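*Asks:* Quick one: the structure is below, and I'll ask about it shortly.
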Amino acid sequence: MGMTMTQKILAAHTGLECVEAGQLIEADLDLVLGNDITSPVAIHEMDKMKVNTVFDKDKIALVMDHFIPNKDIKSAEHCKCVREFACRHEISNYFDVGEMGIEHALLPEKGLTVAGDVIIGADSHTCTYGALGAFSTGMGSTDMAAGMATGKAWFKVPSAIRFQLVGKPSKWVSGKDIILHIIGMIGVDGARYKSMEFTGEGIKNLSMDDRFTIANMAIEAGGKNGIFPVDEIAEAYMKKHSNRAYKIYEADEDAIYDEEYVIELDKLEPTVAFPHLPENTKTVPEIKEEVIVDQVVIGSCTNGRIHDLRTAAEILKGHKVKKGLRCIVIPATQGIYLQAMEEGLLKTFIEAGAVISTPTCGPCLGGYMGILAAGERCVSTTNRNFVGRMGHVESEIYLASPAVAAASAVTGKISLPEELGL
């Protein structure tokens, strides 16, 4: 019986010839990830286990990104806990103020995630690294503790859904629109504990940043992971960023999929998820009412990469953020921040009336740098729009691409770039 990409990777890390959906396995891990919110819990669990060492100081990544620089005493204490743990165990990949970034943008940039890896992280959007042909998934902090101690994790092998991408998206349609379209189609539980495997000739028309965005939001459809085949674009990215050896796995021709969908990229339009679920999608042309917004956020592990910032700057250049509206731009890493500065993107944002933040998850989880008051609406390039996600329970979040977010910042309402003559 044939195996999917995910199943092949898991089999290889379990030492088995083959695995099948529903099978319980224990797999070796290539990387264990935690951040400033989830790592302290894992560290305390390790203390309970009375474990004095980590399995491999080079295969653990601790990224201070959610409340960095610290916003209050509690966040400072959390970071102190992780900082001391990293020092005690000589963790090679510890990233703090000045060298940190949003974890799911930072780790690929640093070359820590490559094709064929098995990666767990105490953060639900760990599925991002499937864009490079890795199996990566989010777990709880207790699983992270066990992973740091043993280098292993238990999994139930997921079944899979195949999404065949064909055609080429139009100028203002990006990876964010593609994944919002898919989530709107199958629902937030449509891929529950399944591998979302993306195939098709249309993939060649997607940048790595598009692929990271799509894999990142697999969890918003309930997916265990999202994964892309490794092509020349992915290999070029890994060769540029990493010195690690990688291994390419391909699905068997007779691999079994629970469902299969064809996504015609050339027929997609800019898409927005209305409150309060990512599945509540509408294309912008379908929106008949005028949706006035108070804030726009461009950033996050979903859309804070350089292509996202270039798109936003292209739209904002020569325009002004609407009076009374806050537009917050958050480069995902220090490297992206520096590149945006060198390309003049930050100047464009500032001249347009936006503000620029140090890399942080910040407003995405209602942390800081953009909290919403009662009755306020935000167009955001983040990944979740649950009740109270970015602040008051009576606020509203509209998920969109950087193109729609930037255009909306100028008009003060959900808009297309075409409305600005672009």
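*Asks:* Just want to confirm a number: the relative contact order over the chain, from Cα pairs under 8 angstrom separated by 6+ residues, in percent.
*Replies:* Relative contact order for the chain comes out at 17 percent.
*Asks:* Something else now. Taking the mean number of other Cβ atoms within 10 Å as a proxy for protection, how do you rank 124-134, 100-110 from highest to lowest?
*Replies:* In descending order of packing, they fall as 124-134, 100-110.
*Asks:* Quick one: Debye curve from the C-alpha atoms of the stretch 6-45, no solvent, what's log10 I(q)/I(0) at q = 0.18, 0.32 Å⁻¹?
*Replies:* Log-scaled intensity ratios, in q order: -0.63, -1.04.
*Asks:* Of all DSSP beta bridges in the chain, what percent run antiparallel (nearest 5)?
*Replies:* Expressed as a percentage, antiparallel bridges in the chain total about 20.
*Asks:* Another question about this same structure. Which entries of 110/347; 8/48; 48/240 show an alpha-carbon separation above 30 angstrom in the structure shown?
*Replies:* With Cα atoms farther than 30 Å apart: 8/48; 48/240.
*Asks:* Mind checking the stretch 389-422 for GluC sites (Glu not before Pro) that DSSP puts in a loop (not H, G, I, E or B) and that have at most 12 other Cβ atoms within 10 Å?
*Replies:* Answer in residue order: 394.
*Asks:* What number comes out for accessible area per residue over the stretch 251-389 if the probe is 1.4 Å? Units Å², please.
*Replies:* Result: 43 Å² per residue.
*Asks:* Using only Cα positions of the stretch 1-105, each an equal point scatterer, no hydration layer, compute I(q)/I(0) via Debye at q = 0.13, 0.14 Å⁻¹ and quote the log10 values to two decimals.
*Replies:* Values returned for q = 0.13, 0.14 Å⁻¹ are -0.60, -0.66.
*Asks:* Which whole-number percentage describes the relative contact order of the stretch 183-223, with Cα contacts under 8 Å and a sequence gap of 6 or more?
*Replies:* That works out to 74 percent.
*Asks:* At 4 °C and a viscosity of 1.567 mPa s, what translational diffusion coefficient does Stokes-Einstein give for the chain, taking Rh as the Kirkwood radius over Cα pairs? Give it in µm²/s as a whole number.
*Replies:* Estimated diffusion coefficient is 60 µm²/s.
*Asks:* Based solely on its DSSP helices, what 222 nm [θ] is calculated for the chain when runs of n ≥ 4 H residues each add -39,500 (n - 2.57) and the sum is averaged over all residues, nearest 500 deg cm²/dmol?
*Replies:* -8500 deg cm²/dmol
*Asks:* Taking only the alpha carbons of the stretch 36-182, what extent do you get along each of the three principal axes, in Å, biggest first?
*Replies:* Extents along the principal axes: 53, 36, 23 Å.
*Asks:* Moving on to the next point. Normalised by the number of residues in the stretch 274-422, what is the relative contact order in percent for Cα pairs under 8 Å and 6+ residues apart?
*Replies:* Value for the stretch 274-422: 33 percent.
*Asks:* Round to the nearest 0.05 the FRET efficiency obtained for residue 371 and residue 338 when R0 = 25 Å and r is the Cβ-Cβ distance.
*Replies:* Result of the calculation: an efficiency of 0.35.
*Asks:* So, for the stretch 193-240, what is the accessible surface per residue at a probe of 1.4 Å, expressed in square angstrom?
*Replies:* 31
*Asks:* Counting only protein heavy atoms, what percent of the accessible surface of the stretch 1-81 is carbon or sulfur at a 1.4 Å probe?
*Replies:* So the carbon and sulfur contribution to the accessible surface is 52 percent.
*Asks:* Right, another one. Of the accessible area of the stretch 342-393, with the probe set at 1.4 angstrom, what percent is carbon plus sulfur?
*Replies:* Carbon plus sulfur share of accessible area: 59 percent.
The values are calculated or read from the model by the stated rules, or taken from the named source; none is laboratory data. The structure displayed is predicted, hence computed values, not measured ones. For neighbour counting, all protein chains shown are included, and Cβ atoms are generated from backbone atoms with ideal geometry for every residue, glycine included. When the accessible area is computed, the model is the full protein with side chains, heavy atoms only, and any ligands, DNA or RNA have been set aside. Shrake-Rupley method; radii C 1.70, N 1.55, O 1.52, S 1.80 Å.
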